[in-house]
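Peer 1: Have a look at this one.
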Amino acid sequence: MGWRGVSSRPLAARAAPPSTVDDPIVDRLDTLIAEIRGLREVLAQARSPRPATLSRADRDRLARLLPAIAGAIGSDNEQTAAELLEIPAVRLVVDLDAAALGRLLRRATGIPIAGYVVTRGTTELQRVLWTVRATV
(Lines give C-alpha, C1' and ligand atoms only; values in the text may rest on other atoms or scores of the structure.)
Protein backbone atom coordinates (compact mmCIF):
# COMPACT_ATOMS: atom_id res chain seq x y z
CA MET A 1 0.00 0.00 0.00
CA GLY A 2 1.13 3.48 -0.80
CA TRP A 3 0.46 6.78 0.82
CA ARG A 4 -2.59 6.76 3.16
CA GLY A 5 -3.58 3.26 2.18
CA VAL A 6 -3.88 4.01 -1.55
CA SER A 7 -2.25 1.42 -3.75
CA SER A 8 -0.19 2.51 -6.75
CA ARG A 9 -1.00 -0.76 -8.57
CA PRO A 10 -3.86 -0.74 -11.10
CA LEU A 11 -7.15 -2.22 -9.99
CA ALA A 12 -6.80 -5.19 -12.35
CA ALA A 13 -3.45 -6.10 -10.77
CA ARG A 14 -4.81 -6.21 -7.22
CA ALA A 15 -6.05 -9.49 -5.88
CA ALA A 16 -9.75 -9.07 -5.20
CA PRO A 17 -11.79 -11.70 -3.42
CA PRO A 18 -14.52 -13.23 -5.54
CA SER A 19 -17.85 -11.51 -5.15
CA THR A 20 -20.46 -13.45 -3.25
CA VAL A 21 -23.12 -10.81 -3.67
CA ASP A 22 -25.61 -11.12 -6.53
CA ASP A 23 -25.26 -7.54 -7.62
CA PRO A 24 -25.90 -6.69 -11.30
CA ILE A 25 -23.41 -3.82 -11.12
CA VAL A 26 -20.65 -6.12 -9.92
CA ASP A 27 -21.49 -8.60 -12.68
CA ARG A 28 -21.37 -5.84 -15.26
CA LEU A 29 -18.03 -4.60 -13.93
CA ASP A 30 -16.60 -8.13 -14.10
CA THR A 31 -17.73 -8.34 -17.72
CA LEU A 32 -16.14 -4.98 -18.53
CA ILE A 33 -12.86 -5.97 -16.87
CA ALA A 34 -12.77 -9.18 -18.90
CA GLU A 35 -13.39 -7.19 -22.11
CA ILE A 36 -10.61 -4.73 -21.23
CA ARG A 37 -8.17 -7.59 -20.64
CA GLY A 38 -9.11 -9.05 -24.01
CA LEU A 39 -8.56 -5.69 -25.70
CA ARG A 40 -5.15 -5.38 -24.06
CA GLU A 41 -4.16 -8.75 -25.50
CA VAL A 42 -5.32 -7.73 -28.97
CA LEU A 43 -3.39 -4.45 -28.74
CA ALA A 44 -0.25 -6.24 -27.59
CA GLN A 45 -0.44 -8.55 -30.60
CA ALA A 46 -1.09 -5.63 -32.98
CA ARG A 47 1.96 -3.77 -31.66
CA SER A 48 4.33 -6.64 -32.32
CA PRO A 49 6.12 -6.09 -35.63
CA ARG A 50 5.11 -8.34 -38.45
CA PRO A 51 7.78 -9.48 -40.84
CA ALA A 52 7.43 -7.95 -44.27
CA THR A 53 6.47 -10.34 -47.00
CA LEU A 54 7.51 -10.13 -50.60
CA SER A 55 6.04 -12.17 -53.39
CA ARG A 56 8.31 -14.18 -55.65
CA ALA A 57 7.67 -11.66 -58.44
CA ASP A 58 8.70 -8.79 -56.14
CA ARG A 59 11.88 -10.61 -55.15
CA ASP A 60 12.73 -11.31 -58.80
CA ARG A 61 12.07 -7.68 -59.76
CA LEU A 62 14.15 -6.41 -56.83
CA ALA A 63 16.99 -8.83 -57.63
CA ARG A 64 17.28 -7.08 -61.02
CA LEU A 65 16.55 -3.57 -59.72
CA LEU A 66 18.76 -3.21 -56.65
CA PRO A 67 22.11 -3.88 -58.38
CA ALA A 68 21.14 -1.37 -61.08
CA ILE A 69 20.36 1.29 -58.47
CA ALA A 70 23.49 0.61 -56.42
CA GLY A 71 25.66 0.63 -59.54
CA ALA A 72 24.20 3.89 -60.79
CA ILE A 73 24.08 6.01 -57.63
CA GLY A 74 26.36 4.20 -55.19
CA SER A 75 25.47 3.14 -51.67
CA ASP A 76 25.67 6.50 -49.92
CA ASN A 77 23.31 8.59 -52.02
CA GLU A 78 19.64 8.98 -51.23
CA GLN A 79 17.15 9.34 -54.08
CA THR A 80 13.39 9.56 -54.37
CA ALA A 81 11.56 6.95 -56.41
CA ALA A 82 10.97 9.51 -59.17
CA GLU A 83 14.69 10.34 -59.29
CA LEU A 84 15.53 6.65 -59.46
CA LEU A 85 13.28 6.27 -62.51
CA GLU A 86 15.35 8.92 -64.31
CA ILE A 87 18.33 6.54 -64.28
CA PRO A 88 18.48 4.70 -67.64
CA ALA A 89 19.69 1.43 -66.04
CA VAL A 90 16.70 1.43 -63.70
CA ARG A 91 14.25 2.07 -66.53
CA LEU A 92 15.74 -0.88 -68.42
CA VAL A 93 15.09 -3.40 -65.65
CA VAL A 94 11.73 -2.22 -64.33
CA ASP A 95 8.59 -0.79 -65.89
CA LEU A 96 6.93 1.01 -62.95
CA ASP A 97 5.79 4.50 -62.16
CA ALA A 98 7.23 6.40 -59.19
CA ALA A 99 4.38 5.48 -56.81
CA ALA A 100 4.63 1.76 -57.61
CA LEU A 101 8.41 1.85 -57.26
CA GLY A 102 8.07 3.59 -53.89
CA ARG A 103 5.62 0.92 -52.67
CA LEU A 104 7.97 -1.84 -53.85
CA LEU A 105 10.92 -0.25 -52.05
CA ARG A 106 8.81 0.22 -48.90
CA ARG A 107 7.94 -3.49 -48.87
CA ALA A 108 11.60 -4.38 -49.40
CA THR A 109 12.94 -2.15 -46.62
CA GLY A 110 15.35 -4.03 -44.40
CA ILE A 111 15.13 -7.34 -46.30
CA PRO A 112 18.39 -8.57 -47.86
CA ILE A 113 17.87 -9.35 -51.55
CA ALA A 114 20.63 -10.39 -53.96
CA GLY A 115 23.31 -8.95 -51.68
CA TYR A 116 21.59 -5.58 -51.24
CA VAL A 117 19.26 -4.03 -48.69
CA VAL A 118 16.91 -1.06 -49.09
CA THR A 119 16.97 1.63 -46.41
CA ARG A 120 14.28 4.24 -45.97
CA GLY A 121 15.78 7.65 -45.38
CA THR A 122 14.28 10.98 -44.50
CA THR A 123 11.34 12.66 -46.17
CA GLU A 124 11.82 15.79 -48.23
CA LEU A 125 8.93 17.67 -49.82
CA GLN A 126 6.63 14.75 -48.98
CA ARG A 127 8.89 12.32 -50.86
CA VAL A 128 10.81 9.49 -49.21
CA LEU A 129 14.53 9.24 -49.89
CA TRP A 130 15.77 5.70 -50.51
CA THR A 131 19.26 4.19 -50.22
CA VAL A 132 20.40 0.82 -51.55
CA ARG A 133 23.41 -0.66 -49.76
CA ALA A 134 25.41 -3.81 -50.31
CA THR A 135 25.05 -6.30 -47.44
CA VAL A 136 28.56 -7.71 -47.87
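Peer 1: Among residues belonging to the stretch 84-99 that are touching a residue at least 24 places away in the same chain (Cβ under 8 Å) and over 12 Å from Val118 (Cβ atoms), point out the one that is surrounded by the fewest Cβ atoms within 10 Å (Cβ to Cβ).
Peer 2: Here is the first cut: in the stretch 84-99, the ones touching a residue at least 24 places away in the same chain (Cβ under 8 Å) are 84, 90, 92-94.
Those still in the list that are over 12 Å from Val118 (Cβ atoms) too: 90, 92-94.
Working: Val90: 22, Leu92: 10, Val93: 16, Val94: 18.
Among those that are touching a residue at least 24 places away in the same chain (Cβ under 8 Å) and over 12 Å from Val118 (Cβ atoms), it is Leu92.
Peer 1: Then there is this: Applying the selection to the stretch 68-86, what residues are assigned to a helix (DSSP H, G or I) and either polar (S, T, N, Q) or out of contact with any Gly (no Cβ under 6 Å at 6 or more places or on another chain) (or both)? Give the derivation first.
Peer 2: Of the residues in the stretch 68-86, the ones assigned to a helix (DSSP H, G or I) are 68-73, 81-85.
Once the filter is applied, which keeps residues that are assigned to a helix (DSSP H, G or I) and either polar (S, T, N, Q) or out of contact with any Gly (no Cβ under 6 Å at 6 or more places or on another chain) (or both), the stretch 68-86 yields Ala68, Ile69, Ala70, Gly71, Ala72, Ile73, Ala82, Glu83, Leu84, Leu85.
Peer 1: How do the pairs read when you match residues in the stretch 55-78 that are under 16 Å from Thr135 (Cα atoms) with residues anywhere that are small (Gly, Ala, Ser) and part of a helix (DSSP H, G or I), using Cβ under 6 Å and keeping only pairs 6 or more apart or on different chains?
Peer 2: Leu62/Ala108; Ala68/Ala89
Peer 1: Which condition number does Pro49 fail, the rest of (1) modelled with pLDDT of 85 or more; (2) loosely packed, with under 10 Cβ neighbours inside 10 Å being met?
Peer 2: (1)
Peer 1: Something else: Here is a list: Ala81, Ala72. Which entry is small (Gly, Ala, Ser), at pLDDT below 90, more than 20 Å from the chain's Cα centre (by Cα) and surrounded by 15 or more Cβ atoms within 10 Å (Cβ to Cβ)? Write out each step before concluding.
Peer 2: Numbers: Ala81 fails: more than 20 Å from the chain's Cα centre (by Cα).
On inspection, the qualifying residue turns out to be Ala72.
Peer 1: Right, something else. Being assigned to a helix (DSSP H, G or I) and either at pLDDT below 90 or more than 23 Å from the chain's Cα centre (by Cα) (or both) is true for just one of Val42, Val136. Which residue is that?
Peer 2: Working: Val136 fails: assigned to a helix (DSSP H, G or I).
Going through Val42, Val136 in turn, just one is assigned to a helix (DSSP H, G or I) and either at pLDDT below 90 or more than 23 Å from the chain's Cα centre (by Cα) (or both): Val42.
The values are calculated or read from the model by the stated rules, or taken from the named source; none is laboratory data. Since we're looking at a predicted model, the values are computed, not measured. Heads up, the Cβs are rebuilt from the backbone with ideal geometry, glycines too, and the neighbour counts pull from every protein chain shown.
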